[in-house]
Amino acid sequence: MADNTRILFLVAQEILDSRGYPTVEVCAGLRDGTVASAAVPSGASTGRYEAMESRDGDPGRYEGRGVLHAVANVNDVIAPALAGMRADDQAGVDAALIELDGTEYKQRLGANAILGVSLACARAAARARRQGLYQYLGGGQARVLPVPMFNVLNGGAHAPDGSDIQEFKLIPVGASSFAQALRFGAETYHCLYHVLRDAGLPTTVGDEGGFAPTLKSNAESLELILRAIERAGYRPGEQIAIGLDPAASGMVKDGRYILKRDGLNLSSDEMTDYWEDWIGRYPIISLEDPLADDDWDGFRNLTARLGDRVQVIGDDLFVTNRKFLQRGIDSGVCTSILIKPNQIGTITETLQTIRLAQQARYTCLVSHRSGETCDTSIADLAVAMDCRQIKAGAPARGERVAKYNRLLRIERELGDKAVYAGRSAFPHLGGTCTAAP
Ligand SMILES: O=C(O)[C@@H](CO)OP(=O)(O)O
Ligand SMILES: [Mg+2]
């Protein structure tokens, strides 16, 4: 079997992502005839220490620069070096990629080139074994379906005319299966459309498929969402809670947090007061990047003050990197980590970061990027690693629902064995899983 999974070819090409910008797709072919491909996403609100994607031409020109250099790196540098390796030796493949690149942030070959190969090999190996990617990566234990976070109102870098806060997310903690959670989200999303129409607000959408109205204040977004949840017939907080990703690095100017919609200019402590006020007033259970990615002291204070009432997630702060996560664990910063494979660049390193988080009892929210493709690997990753939380944007738009639909299929495939994480995904809510995973 092992010999059959030896890599025969790796071929990359440039394709477009959901924003219409170029990205990398890699196709892996194995000796036994198995062929599988994987596509790499791309972020807009990136952390400063993310692994670096390779982009062609002048960085100042425009955001949608090509990836032909990354494509050439796969075809001309990586493919010859990996030919003949076993695709089912993920650690070996990834170690070879890391060594071939030789830089800390993967800037020589490009994290987009490297992750494309890492993922394509995993997919091909899973297919050769006739397993789903979640089974291949997670084994027989993999059976807990994550709680989805649906980003239904977009702002910040994903919708510049919208709220200062990048993401307002529905969290269907009270559903009893993933399929039901998806229905909660889709129905509420559609009700939000009508709430906006009734209020005379536009229903244009941002990068992740959520609506992006221009509002008078940031809190107005929450009021509209609560109205939509109720209109859909659900109980806010109990059945559907709320999560935020302010992506606060994007709000900072000269060390101050600027909230344009509220006319506020706040210190780190005052920004924390602002979130505390919101947590007291609204059913918010998850708060991602509430402060900027260089404000480690602020994060420590915020975690000490709010960490037992809300999940505090580090995204730009940790960039899926064990080194930064370890610093967070050692200094009491955050209670949760966002997991984006392209922030670190290989599957093996992504799994190592997840394991470190789980050992330290940090929760893991597996995440898409704002520039996506129809690749569904993150859905499998969330189940494989028992991550219990996933965010993939609104329950609308092809590249977002591809992930949710994949989870529906996994849930069906698992049948009676499937367990929906529900409240167990959030230790601070004190819930338990409906069956032991
Ligand atoms: O900040 C985030 O969490 C992500 C995904 O929602 O955005 P981006 O991919 O633009 O970094
Ligand atoms: Mg984020």
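The values are calculated or read from the model by the stated rules, or taken from the named source; none is laboratory data. What you see is a predicted model; the values in this text were computed from it and never measured. Please note: Cβ atoms are built from the backbone with ideal geometry, for glycine as well, and neighbour counts cover all protein chains shown. For accessibility, only protein heavy atoms count, side chains too; no ligands or nucleic acids. Shrake-Rupley method; radii C 1.70, N 1.55, O 1.52, S 1.80 Å.
Considering only the range 413-426, I want to know if a residue exists there that is open to solvent by less than 10 Å² (accessible area, probe 1.4 Å), within 16 Å of ligand 1 (Cβ to nearest atom) and aromatic (Phe, Trp, Tyr). No. Based on what the data block shows, is PRO41 within 16 Å of ligand 2 (Cβ to nearest atom), at pLDDT 95 or above and touching a strand residue (DSSP E or B) at 6+ places or on another chain (Cβ under 9 Å)? It is true that PRO41 is within 16 Å of ligand 2 (Cβ to nearest atom), at pLDDT 95 or above and touching a strand residue (DSSP E or B) at 6+ places or on another chain (Cβ under 9 Å).
Within the range 193-203, is even one residue under 30 Å from GLU413 (Cα atoms) and either within 16 Å of ligand 1 (Cβ to nearest atom) or among the aliphatic types (A, V, I, L, M) (or both)? Please lay out each step first, then the result.
Restricting attention to the range 193-203, the residues satisfying the condition of being under 30 Å from GLU413 (Cα atoms) are none.
No: zero hits.
Once the range 311-335 is narrowed to residues that are closer than 23 Å to ARG406 by Cβ and of a type outside the set (A, V, I, L, M, F, W, C), the residue that is nearest to ligand 1 (Cβ to nearest atom) is ASP315. Would a scan of the range 235-255 turn up a residue that is within 16 Å of ligand 1 (Cβ to nearest atom), open to solvent by 30 Å² or more (accessible area, probe 1.4 Å) and in a helix (DSSP H, G or I)? For the range 235-255, residues within 16 Å of ligand 1 (Cβ to nearest atom), open to solvent by 30 Å² or more (accessible area, probe 1.4 Å) and in a helix (DSSP H, G or I): present. Restricting the range 327-366 to residues that are open to solvent by less than 10 Å² (accessible area, probe 1.4 Å) and among the small types (Gly, Ala, Ser), the residue that is nearest to ligand 2 (Cβ to nearest atom) is SER336. The lone criterion from (1) in contact with a Cys (Cβ under 9 Å, 6 or more places away or on another chain); (2) within 14 Å of ligand 2 (Cβ to nearest atom) left unmet by LYS391 is number (1). Among residues of the range 32-56 that are more than 15 Å from ASN321 (Cα to Cα), those with a Cβ under 6 angstrom from a residue that is assigned to a strand (DSSP E or B) and within 13 Å of ligand 1 (Cβ to nearest atom), sequence gap 6+ or separate chain, pair up as VAL40/THR23; PRO41/GLY371; SER42/THR23; SER42/GLY371. Exactly one residue among PHE318, PHE324, PHE299 is surrounded by fewer than 24 Cβ atoms within 10 Å (Cβ to Cβ) and within 15 Å of ligand 2 (Cβ to nearest atom), and that residue is PHE324. Look at (1) in contact (Cβ under 8 Å) with a residue 12 or more places away in the chain; (2) within 25 Å of VAL419 (Cβ to Cβ); (3) not basic (Lys, Arg) and you find that ALA157 fails only one, number (2).
A quick yes/no check of all residues on (1) surrounded by fewer than 16 Cβ atoms within 10 Å (Cβ to Cβ); (2) modelled with pLDDT under 95:
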{"residue": "ASP17", "(1), (2)": "no, no"}
{"residue": "ALA28", "(1), (2)": "no, no"}
{"residue": "SER45", "(1), (2)": "no, yes"}
{"residue": "ARG61", "(1), (2)": "yes, yes"}
{"residue": "ILE78", "(1), (2)": "no, no"}
{"residue": "LEU82", "(1), (2)": "no, no"}
{"residue": "ASP89", "(1), (2)": "no, no"}
{"residue": "GLN107", "(1), (2)": "yes, no"}
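Scanning the range 181-231 for residues that are touching a residue at least 12 places away in the same chain (Cβ under 8 Å), open to solvent by 10 Å² or more (accessible area, probe 1.4 Å), assigned to a loop (DSSP other than H, G, I, E, B) and of a type outside the set (Val, Ile, Thr) turns up ALA199, LEU201, PRO202, ASP207, ALA212, LEU215, LYS216, SER217. For the range 367-381, enumerate the residues that are under 12 Å from the mean Cα position of the chain (by Cα) and either β-branched (Val, Ile, Thr) or within 16 Å of ligand 2 (Cβ to nearest atom) (or both). Answer for the range 367-381, where residues must be under 12 Å from the mean Cα position of the chain (by Cα) and either β-branched (Val, Ile, Thr) or within 16 Å of ligand 2 (Cβ to nearest atom) (or both): SER367, HIS368, ARG369, SER370, GLY371, GLU372, THR376, ILE378.
Would you point out the residue of the range 306-315, among those that are surrounded by 17 or more Cβ atoms within 10 Å (Cβ to Cβ) and in contact with a helix residue (DSSP H, G or I) (Cβ under 9 Å, 6 or more places away or on another chain), that is farthest from ILE354 (Cα to Cα)?
LEU306
The set of residues in the range 388-404 being open to solvent by 10 Å² or more (accessible area, probe 1.4 Å) and in contact (Cβ under 8 Å) with a residue 12 or more places away in the chain consists of ARG388, PRO395, ALA396, ARG397, GLY398, GLU399, ALA402. Flag set for MET52, criterion: open to solvent by 60 Å² or more (accessible area, probe 1.4 Å), among the aliphatic types (A, V, I, L, M) and more than 16 Å from ligand 2 (Cβ to nearest atom). GLN343 falls short of the stated requirement of being away from ligand 1 (no atom under 16 Å from the Cβ) and of a type outside the set (Phe, Trp, Tyr). If you check THR46, THR5, which single one turns out to be within 16 Å of ligand 1 (Cβ to nearest atom) and among the β-branched types (Val, Ile, Thr)? Going through THR46, THR5 in turn, just one is within 16 Å of ligand 1 (Cβ to nearest atom) and among the β-branched types (Val, Ile, Thr): THR46. The conditions are (1) in contact with a Pro (Cβ under 8 Å, 6 or more places away or on another chain); (2) modelled with pLDDT of 95 or more, and ASP94 fails exactly one of them. Which is it? So ASP94 meets the others, but not (1).
Taking helices (runs of 4 or more DSSP H) as the structural unit, those lying wholly within the range 321-437 and holding at least 1 residues that are in contact with a Leu (Cβ under 8 Å, 6 or more places away or on another chain) and closer than 25 Å to GLY110 by Cβ correspond to 322-331, 341-344, 347-359, 377-384. Among the residues of the range 262-308, those that are closer than 18 Å to SER45 by Cβ, of a type outside the set (Asp, Glu) and either part of a strand (DSSP E or B) or at pLDDT below 95 (or both) comprise SER286, LEU287.
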